[in-house]
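Here's the structure we're looking at; comments come further down.
The values are calculated or read from the model by the stated rules, or taken from the named source; none is laboratory data. Keep in mind that what you see is a predicted model, and the values were worked out from it rather than measured. Note that each Cβ is placed from the backbone with ideal geometry, even for glycine, and that neighbours are counted across all protein chains shown. Quick note on the areas: whole protein, heavy atoms, side chains included, nothing else; ligands and nucleic acids left out. Shrake-Rupley method; radii C 1.70, N 1.55, O 1.52, S 1.80 Å.
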Amino acid sequence: LAYMHFPAAHRAKLHSTNPIERLNGEIKRRTDVVGIFRNDAAITRLIGAILLEQSDEWATQRARYMTLETIGAVSDTAPVSLPALAS
């Protein structure tokens, strides 16, 4: 019931673990394709790339999962803004 402390707009998205299960399934699917990793750094790079890809997808999709602005209301830390990337 910890999700009840979040804003009402987020509760419908937080009560389910479907997005996390889908992400774990994607990681499993893509690591199974590789099979054997050369070292720990190789698996870290692959999983990191998958997580970055998913983060970008969640940030840019039309019906965003959650925004930093709306979740900031329940955060106990100061807001952080990231610098723009140079093109």
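All of Leu23, Leu46 fail the test of being in contact with a Ser or Thr (Cβ under 7 Å, 6 or more places away or on another chain), open to solvent by less than 80 Å² (accessible area, probe 1.4 Å) and at pLDDT 75 or above, apart from Leu46.
The residues in the range 26-43 that are surrounded by 11 or more Cβ atoms within 10 Å (Cβ to Cβ) and either touching an Asp or Glu at 6+ places or on another chain (Cβ under 9 Å) or assigned to a helix (DSSP H, G or I) (or both) can be counted, and the count is 7.
Screening the candidates Ala86, Ala73 for the property of being over 28 Å from Ala2 (Cα atoms), modelled with pLDDT under 70, among the aliphatic types (A, V, I, L, M) and open to solvent by 80 Å² or more (accessible area, probe 1.4 Å) yields one hit, Ala86.
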